[in-house]
Structures are given as structure tokens and as C-alpha cells.
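Below is one structure, written out as C-alpha cells; the observations come after it.
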């Protein structure tokens, strides 16, 4: 059988027309490495913090592929309140997504027929800015330079600026 295809899978019989007739049957098992069905698989997503998110990965092959999800960075996934390294199955459902879920996820399909295959899905979580000021009280002598720090964390990245207590925006220049 040249260029074997999945449709060639099945029983084949060899028959010798003698008296008595002799025959033997054999089964051709055609194996197919896993492939991910892009149109049925999630793409990069942006969701708001506290929303629910479902990532789906559809794979085909023979035997039927085993599908799992894991983080690309190897960190555990907070899954239903438990830290897990791998989630089995085509669906990864995260309830009340947090900023800690943000990152790249890998859907990996394997069925014992090389090669295994994976698809990367980036999950971005929108959350409002968080501010922290390490030193809320700074002291300085007259004529001394001083540096004030304000750290922010947000997605998408926030636009930050300083104002005076009168509300005037501070622009970089000779003084600042």
C-alpha cells in the first residue's frame, strides 16, 4: 500500500484458492500524529480581572490525543483555589481570573505518535492601577536635591505624572 492514508485503516485478507481454500486476515492500524484544530482553539485573550475565562484547545489524531494545559513559564496555575502544574483536558476554565493568571499558556497534545504538538495562548488580565510610595514622608535641607518615588502596577500600563498640592501638573525642567 503506497502513501498510506487514514482511509486505508481496516482488515485485509490474503486468500489462496486451493482445495481447501486458505485465507488469513490482518488489520492495518494507521496512526496519525496529533494536530491542533486552529479554528476550534482559543487565540490570545484580554479579560478584566474577576471575570471568568475559558481557554479551549481542540486536537485530532489517531489514537485520540491527550490534551493538557500548563503555563509556559512552568509556574503553577491557581485552578479552583488549588495550585496545579497541569490541567488535563481540552478546556481550561478559570473562575474569577486575577492578575496572577496573566501570562502565556501552552496547550499540549500528544498521542504516542511523534511529534507532540503545542499552541501558545497569551492571557492578559486588565486591572486598575495600584500605587505604592515607599517613603511617604521625605525630609530635605534647603539647597539639597531630593528624589520622590511612586511605583505603579496596572494593565494596560498606566500613564503617570506628579502634581503639586494645588493640583498643578509637574513638568520636567530646570526645577523638576
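All of the numbers you see were taken from the coordinates with simple rules; none came from a lab. Small disclaimer: the values here were computed from a predicted structure and weren't measured. When we count neighbours, we look across all protein chains shown, and the Cβ atoms used for this are built from the backbone with ideal geometry, even at glycine.
General observations
- Highest-MSF residue in the chain out of 143, 112, 74 [GNM, Cα springs under 10 Å]: 143
- Highest-fluctuation residue, 90, 82, 49 considered, GNM on the chain with Cα pairs under 10 Å: 82
- Multiplying the residue separation of residue 21 and residue 49 by 0.36 nm and removing their Cα-Cα distance gives an extension gain of 2.8 nm.
- The eigenvalues of the Cα gyration tensor, multiplied by 5 and square-rooted, give segment 32-126 an equivalent ellipsoid with semi-axes of 24, 13, 10 Å from largest to smallest.
- Ranking of 18, 95 by count of other Cβ atoms within 10 Å, fewest first: 18, 95
- Gap separating the Cα centres of segment 1-67 and segment 145-176, nearest whole Å: 59
- For the chain, built as a Gaussian network whose Cα springs stay under 10 Å, the top-fluctuating residue of 41, 56, 163: 163
- Theoretical gain in end-to-end length, residue 95 to residue 166 [0.36 nm per residue, Cα-Cα removed]: 21.2 nm
- Each listed q (0.12 Å⁻¹) maps to a log10 I(q)/I(0) for the chain, found by the Debye formula over equal Cα scatterers with no solvent: -0.77.
- Linear extension gain, residue 106 paired with residue 153, 0.36 nm per residue minus alpha-carbon span: 14.4 nm
- Exposure proxy ranking, count of Cβ atoms within 10 Å, fewest first, for 151, 101: 151, 101
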